[in-house]
Amino acid sequence: MQRLRFSWAIAVVSLWACTGDIGEETDPSGSGASSAGGDGVGAGSGSGGSGAGVGVGGSGVGGEATGGSGGTGQAMTVCERWNADRANMSEGSWSGSVGACDAGDVTAAGRDNALRIVNLYRWLAGQHEVTHDGTRNQKAQECALMMDANNQLSHTPPTSWTCYNADGAEAAGKSNIATTPGVQAVDLYMLDPGAGNSASMGHRRWILSNSLGPVGLGTTDSYSCLWVIGGNGGSNAPFVAFPSPGVWPLQAMTASFGSVDDTGWTIQSDSIDLGSASVTITDGGNSLPVTVSQLLGGYGSSYAIRINPQGWTTAAGHTYQVSVSGVSAPIDYSVEVVDCD
């Protein structure tokens, strides 16, 4: 299990990520979200991977991705989708009560808004959209209540917890969990900030996983759980990158409380071993300095790396060519960054 505690001037947000049924790792450092690992069968560690090479404006063939410039029309399509899907970010209304240990429910609009943001990121990455499941929603709702009632996050809540519920405990072990309501949490999961998450980037990887879906979304006014383990999504994309091949909204880099340039770009795969990967990023033919770090397996994909820019930041109007060598299937794609404001 992994804990991430991300602080800023006004509030503290936490994210947790765990390896679920195949065991957990604990990191006391943390920031605001926790992500579950897998059950090892199509949805757990080693099989939740990620797909892509088929990002907007790019395509992946046989494990090799080539993302070209999307052009004005493609940029318009991406920006229209980005802005339309984010036009309503309301959390909805929660009908439950911590004092009464009543998980209640969130209005449909709130749950739909959170799901839409999940699917927006998956669309950008070239992954299939997912739906939510009523049973998983209800269990995730119990999970959110338990976190709220105890004012903390845990993937293995003890039976001594206030408002303990077996369904909620099950969801806690299979979910990304955060100290924010459900819609806001999705952007935070994709940023995945904090030293405790840097070794896995598990929240982001689960949301982009090949196996994701159906999900369960539960929230109170302050805590939320997003069920991500045990899916049957069945995508077989060779890899997925974030930022993804093709046209990419600049606003996706800073949608939450920080920058993806700080937490890192990622590439994940179920089929391409990235253990010896070397990464080159160029802009207009000029090589840009980066550091490359191996990420833990079992968080939504078998293999993954984190790429951190050194001394430069992603900017609109630039096209970044990413080349990965030292792997069984070469990965090459471009990211064309556009300003969608």
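The values are calculated or read from the model by the stated rules, or taken from the named source; none is laboratory data. Since the structure is predicted, the reported quantities are computational estimates derived from the model, not experimental observations. Neighbour counts are summed over all protein chains in view; Cβ atoms, including those assigned to glycine, are modelled from backbone coordinates with ideal geometry.
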> Do we have any residue at all in the range 216-237 that's in contact with a Gly (Cβ under 6 Å, 6 or more places away or on another chain), among the aromatic types (Phe, Trp, Tyr), crowded, with 24+ Cβ neighbours inside 10 Å and in contact (Cβ under 8 Å) with a residue 60 or more places away in the chain?
Replying inline: yes
> Any idea which of (1) crowded, with 21+ Cβ neighbours inside 10 Å; (2) within 30 Å of residue 80 (Cβ to Cβ) is the one residue 128 doesn't satisfy?
Replying inline: (1)
> Could you say which residue among 337, 290 is under 14 Å from residue 243 (Cβ atoms), touching a Ser or Thr at 6+ places or on another chain (Cβ under 7 Å) and of a type in the set (A, V, I, L, M, F, W, C)?
Replying inline: 337
> Residues in the range 166-208 that are more than 16 Å from residue 252 (Cβ to Cβ), touching a Ser or Thr at 6+ places or on another chain (Cβ under 6 Å) and surrounded by fewer than 24 Cβ atoms within 10 Å (Cβ to Cβ): how many?
Replying inline: 2
> Restricting to the range 224-243, what's the tally of residues that are under 13 Å from the mean Cα position of the chain (by Cα) and over 22 Å from residue 153 (Cβ atoms)?
Replying inline: 4
> For the range 305-341, what are the residues that are surrounded by fewer than 14 Cβ atoms within 10 Å (Cβ to Cβ) and closer than 14 Å to residue 284 by Cβ?
Replying inline: 315, 317
> What about residue 334, is it farther than 20 Å from residue 192 by Cα, in contact with a Pro (Cβ under 8 Å, 6 or more places away or on another chain) and assigned to a strand (DSSP E or B)?
Replying inline: yes
> Can you tell me which residues in the range 274-284 are surrounded by fewer than 14 Cβ atoms within 10 Å (Cβ to Cβ) and either over 14 Å from residue 322 (Cα atoms) or at pLDDT below 95 (or both)?
Replying inline: 275, 276
>> Here is a list: 92, 62, 57. Which entry is modelled with pLDDT under 95 and over 16 Å from residue 272 (Cβ atoms)?
In response: 57
